[in-house]
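Chemist: Dropping a structure here in structure tokens format, bear with me for questions.
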Amino acid sequence: MKLWGGRFTKPTNQLVDEYTASISFDQKLWRQDIVGSSAHVAMLGKCGILSMDEVRQIIAGLKKVKEKIERNEVQFLVAHEDIHMNIEKMLIEEIGPVGGKLHTGRSRNDQVALDMHLYLREKLMELIQLTLYLQKALLDQAEQHLDTVMPGYTHLQRAQPVLLGFHLVAYASMLQRDIERMQDSFKRVNVLPLGAGALAGTTFPIDREFVASMLQFDSIYINSMDAVSDRDFIVEFLSHASLLMTHLSRMCEELVIWSSQEFSFIELDDAFCTGSSIMPQKKNPDVAELVRGKTGRVFGNLMGMLTVLKGLPLAYNKDMQEDKEGMFDTVETLHGALALLTPMIESMQVRKENMRKAVTQDFSNATDLADYLVTKDIPFRQAHEIVGHAVLYCIQNKKYLLDLSMEEFKDFSALIEEDVYQALDIDTVVNARNVFGGTAKVQVEKQIEACKQLQKTSQSWIDVHSQKVMVEALVDIQSPVI
């Protein structure tokens, strides 16, 4: 008999049980469910809705259920539909009919919403911390390569020489925005929905502020219908995760390109590559490729969640059961990507000589020749045309700009002097961009320091928030009224 089966005259069809059950995936929420139930029953005791003896029995029973689950002594059953009903059934089997009083003053609608908030706020902490680790790995590599010059690209064509450290700080800066977005979303995750009931609140004199305090929520939903139907916090997480995966995918694309024989800019550690079953010589950047590939599934989870929600009337609908698998999958996908990329970046070997060779055998210093002519009082547009002719001449004669003799330079402009060779030197070109945000070494050093300061701020935020939201710290919750 279902716990809700009082008004039904026949059991549900087995296919219905199998199709509608969520226990195969929402069992991940068992700790959150026990934590939420413990706080709820403690509140019922404080408010005099249950006797203190009943509260003690139920909390003791929940602890026994918790211990059995930890010892793998329980079997979650499809017949009990979801994690909430499975745990409640176990509780009743453990302590008898008094266990049925646990659900007083609440619905599965606000119960599942609570579990999702508890789960996601903890996972946010983990993902922010992992992103900080990856950001640090990028900054450490950037510091080691403040003198490593490489081509900067637009349209995947060589554009201007930059420092490798400069390039890596660009990714560290992207990750900083990802970190700050996740931190900002925490305020919308850390909102208590419990107490909303099915949609309209409850007739029992509950104390939602007490529960919020016990579970370390910063605020409470002011409208019960909104509380049980809101999945904005999941959509927001999936959106932020999609953008973070986009950044990781772009980084991985470059790692794949840079590690190719055609570029040979980097060598990825063997521990993060795989081989071929038929070609013995192959060393494939599979981790980077798979992160790039798994980005699509995270996008799909976001689109799926938006599609589920777009036509739903208020308040709860069974469609919303589809909120979990995509969220769980995104958490796991992002966790795996961040955890792998950090040591991969840390162990990456840079082939400095190949990077420098690339910028001495191209025309990435052409803009600097135009800027040089501007200093001779030639309008930039005219200077641009002059340099274009010079580049064409070099291409036709299989030369680069620094290969030109002074006579050849003067054929393009009589204003060019011997100092042009110093102006077009690759290190000069890089360090000439000594403006805020530029690629000059002194500017990159400032960028790294700025990123480190932001990292400290983000780490301090983690340190303040992480302990109070970790479910493990709340599992053995003890009510001050017991």
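The values are calculated or read from the model by the stated rules, or taken from the named source; none is laboratory data. From a predicted model like this one, the values you see are computed outputs, not experimental measurements. So basically every Cβ, Gly included, is an ideal-geometry build from the backbone, and we count neighbours across all protein chains shown.
Chemist: Tell me yes or no: at least one residue of region 390-403 is part of a helix (DSSP H, G or I), among the small types (G, A, S), at pLDDT 95 or above and not assigned by TED's automatic domain parsing to the domain that holds Q160.
Modeler: Yes, that holds for at least one residue.
Yes/no matrix, rows are residues, columns are (1) outside the structural domain of K63 (by TED's automatic domain parsing); (2) more than 18 Å from the chain's Cα centre (by Cα); (3) at negative phi:
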{"residue": "I92", "(1), (2), (3)": "no, yes, yes"}
{"residue": "I95", "(1), (2), (3)": "no, yes, yes"}
{"residue": "L120", "(1), (2), (3)": "yes, no, yes"}
{"residue": "L130", "(1), (2), (3)": "yes, no, yes"}
{"residue": "L138", "(1), (2), (3)": "yes, no, yes"}
{"residue": "Q157", "(1), (2), (3)": "yes, yes, yes"}
{"residue": "Q160", "(1), (2), (3)": "yes, yes, yes"}
{"residue": "F166", "(1), (2), (3)": "yes, yes, yes"}
{"residue": "R181", "(1), (2), (3)": "yes, no, yes"}
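Chemist: Just need a number here: residues in region 343-356 that are in a helix (DSSP H, G or I) and surrounded by 14 or more Cβ atoms within 10 Å (Cβ to Cβ).
Modeler: 8
Chemist: When region 303-340 is examined, which residues are found to be touching a Phe, Trp or Tyr at 6+ places or on another chain (Cβ under 9 Å), more than 25 Å from V16 (Cα to Cα) and of a type outside the set (S, T, Y)?
Modeler: Selection gives V331, L338, A339, L340.
Chemist: Which helices (runs of 4 or more DSSP H) does region 159-263 wholly contain that include 3 or more residues that are surrounded by fewer than 17 Cβ atoms within 10 Å (Cβ to Cβ), at pLDDT 95 or above and among the charged types (D, E, K, R)?
Modeler: Here the list reads 164-189, 232-258.
Chemist: Go through (1) surrounded by fewer than 16 Cβ atoms within 10 Å (Cβ to Cβ); (2) under 18 Å from G152 (Cβ atoms) and name the single condition Q443 misses.
Modeler: (1)
Chemist: In addition: Might you check whether a residue that is in contact (Cβ under 8 Å) with a residue 12 or more places away in the chain and of a type in the set (D, E) occurs anywhere in region 182-195?
Modeler: no
Chemist: Please find, among S242, S229, S219, the residue that is more than 23 Å from Q135 (Cβ to Cβ) and out of contact with any strand residue (DSSP E or B) (no Cβ under 7 Å at 6 or more places or on another chain).
Modeler: The unique qualifying residue is S229.
Chemist: Checking the structure you have, find out if any residue of region 370-377 is surrounded by fewer than 15 Cβ atoms within 10 Å (Cβ to Cβ) and within 30 Å of I128 (Cα to Cα).
Modeler: No, region 370-377 has no match at all.
Chemist: Additional query: So, in region 264-284, of the ones that are of a type in the set (S, T, Y) and surrounded by 13 or more Cβ atoms within 10 Å (Cβ to Cβ), which residue ends up nearest to Q157 (Cα to Cα)?
Modeler: S264
Chemist: Among the residues of region 415-438, what is the count of those that are farther than 27 Å from E449 by Cα and part of a loop (DSSP other than H, G, I, E, B)?
Modeler: Adding up the residues that qualify gives 6.
Chemist: Restricting to region 287-298, name every residue that is over 16 Å from E254 (Cβ atoms) and surrounded by fewer than 16 Cβ atoms within 10 Å (Cβ to Cβ).
Modeler: G296, R297 - these are the residues of region 287-298 that are over 16 Å from E254 (Cβ atoms) and surrounded by fewer than 16 Cβ atoms within 10 Å (Cβ to Cβ).
Chemist: For L338, only one of the following conditions fails: (1) buried (at least 17 other Cβ atoms within 10 Å of the Cβ); (2) under 27 Å from H155 (Cα atoms). What is its number?
Modeler: (2)
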